[in-house]
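Participant: Before I ask anything, here is the structure I am working with.
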Amino acid sequence: MTHLVIATRNKGKMREIAELLAGMEITLLSPDDFAEFPEVAEDGETFEENAVKKARSAVVATGLPSLADDSGLIVPLLGGRPGVFSARFAREGASDGENNDKLLAELTGFPLAARNASFCCVIALCFPGGECLIFRGELAGMILDQPHGNGGFGYDPLFYVADQGKTLAELPSEVKNRISHRGKALAELKKYLFSP
Ligand SMILES: O=P(O)(O)OP(=O)(O)OP(=O)(O)OC[C@H]1O[C@@H](n2cnc3c(O)ncnc32)[C@H](O)[C@@H]1O
Ligand SMILES: [Mg+2]
């Protein structure tokens, strides 16, 4: 594999995936490298379904091996929401700020001890022959009642990691990448690709 399409429109994800796959000697391509790149309806019920759908559609459009990430935040107090709806929790096309405000509003009044949450990342790596490989990673944390930090993206300013004593948005990207749901899923992918 000399070229790999990273089928995401999310700049934060793209940056992290590029950092995590650095040194693999594979040229990473983004949707911007193609004149036309398909928009995919993320209507699956699971992260796996959506990740495979995004990666398969990129393979069809480009003829190249393609990787997609479907990820999100799971909050038990909210019955597991926003889950696969994390990107559009507040509304279709919502900004990170709007989604964070919606999360804070839904959790108003609940004590920190009850506000446990996890991030889940499912990576699908699909090939022109039709084969897809799936890798998954998770990270446990708590949802604070106000944002802290300017790093990362999405829900990072609200997601507190007890081991680190900080939110993901307060951690240097190399630390987030080492512990994150995305870092773990991509570590599994690398292990698979490079195991003898
Ligand atoms: O589908 P693509 O184009 O990859 O980009 P997206 O932003 O729509 O991505 P998803 O459909 O997978 O939605 C995941 C949402 O979950 C949130 N999310 C995922 N990983 C995160 C992380 O590491 N830190 C903070 N928020 C994250 C973030 O708000 C994302 O928009
Ligand atoms: Mg999406």
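The values are calculated or read from the model by the stated rules, or taken from the named source; none is laboratory data. Values in this document were obtained by computation on a predicted structure and should not be read as measured data. Ideal geometry is used to build each Cβ from the backbone, glycine not excepted, and the neighbour counts take in all protein chains shown.
Participant: GLY80: at pLDDT below 95, surrounded by fewer than 16 Cβ atoms within 10 Å (Cβ to Cβ), of a type in the set (Gly, Ala, Ser) and over 19 Å from LEU133 (Cα atoms), yes or no? Quick ask: steps written out before the conclusion?
Facilitator: Numbers: at pLDDT below 95: no; surrounded by fewer than 16 Cβ atoms within 10 Å (Cβ to Cβ): yes; of a type in the set (Gly, Ala, Ser): yes; over 19 Å from LEU133 (Cα atoms): yes.
Criteria not met by GLY80.
Participant: Can you give me the ranges of the strands (runs of 3 or more DSSP E) entirely in the range 1-120 with at least 1 residues that are within 16 Å of ligand 2 (Cβ to nearest atom)?
Facilitator: Details: elements: 3-6, 27-29, 66-74.
Qualifying strands (runs of 3 or more DSSP E): 3-6, 66-74.
Participant: Pull up the range 7-41, narrow it to residues that are near ligand 1 (Cβ under 10 Å from one of its atoms) and touching a strand residue (DSSP E or B) at 6+ places or on another chain (Cβ under 7 Å), then point me to the one that is nearest to GLY152 (Cα to Cα).
Facilitator: Within the range 7-41, the match that is nearest to GLY152 (Cα to Cα) is LYS13.
Participant: Report the residue count in the range 163-189 for those that are farther than 24 Å from LEU133 by Cα, over 14 Å from the mean Cα position of the chain (by Cα) and not hydroxyl-bearing (Ser, Thr, Tyr).
Facilitator: Result for the range 163-189: 10.
Participant: More than 9 Å from ligand 1 (Cβ to nearest atom) and free of Cβ contacts under 8 Å to residues at least 40 places away in the same chain: does that describe GLU170?
Facilitator: Numbers: more than 9 Å from ligand 1 (Cβ to nearest atom): yes; free of Cβ contacts under 8 Å to residues at least 40 places away in the same chain: yes.
Spelling it out, GLU170 is indeed more than 9 Å from ligand 1 (Cβ to nearest atom) and free of Cβ contacts under 8 Å to residues at least 40 places away in the same chain.
Participant: Still on this structure, I have one more. Taking into account only those residues within the range 42-63 that are polar (S, T, N, Q) and surrounded by 17 or more Cβ atoms within 10 Å (Cβ to Cβ), which is nearest to ligand 1 (Cβ to nearest atom)?
Facilitator: So, considering only residues that are polar (S, T, N, Q) and surrounded by 17 or more Cβ atoms within 10 Å (Cβ to Cβ), the one nearest to ligand 1 (Cβ to nearest atom) is ASN50.
Every residue, every condition in (1) in contact (Cβ under 8 Å) with a residue 24 or more places away in the chain; (2) among the acidic types (Asp, Glu); (3) within 22 Å of VAL122 (Cβ to Cβ), yes or no:
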residue	(1), (2), (3)
ILE143	yes, no, yes
HIS148	no, no, no
GLY154	yes, no, yes
LEU158	yes, no, yes
VAL161	no, no, yes
GLY165	no, no, no
LEU186	yes, no, yes
LEU189	yes, no, yes
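Participant: So, of the residues in the range 125-170 that are aromatic (Phe, Trp, Tyr) and surrounded by 19 or more Cβ atoms within 10 Å (Cβ to Cβ), which turns out to be farthest from SER71 (Cα to Cα)? Walk me through it before giving the result.
Facilitator: Going residue by residue through the range 125-170, those that are aromatic (Phe, Trp, Tyr) are 127, 135, 153, 155, 159-160.
The next check asks that each one be surrounded by 19 or more Cβ atoms within 10 Å (Cβ to Cβ); those that pass are 135, 155, 159-160.
Working: PHE135: 12, TYR155: 12, PHE159: 14, TYR160: 17 Å.
Checking each candidate, the answer is TYR160.
Participant: Out of PRO147, PRO128, PRO157, I need the residue that is of a type outside the set (S, T, N, Q), within 20 Å of LYS53 (Cβ to Cβ) and touching a helix residue (DSSP H, G or I) at 6+ places or on another chain (Cβ under 8 Å). Which one?
Facilitator: On the way: PRO147 fails: within 20 Å of LYS53 (Cβ to Cβ); PRO157 fails: within 20 Å of LYS53 (Cβ to Cβ).
Only one candidate qualifies: PRO128.
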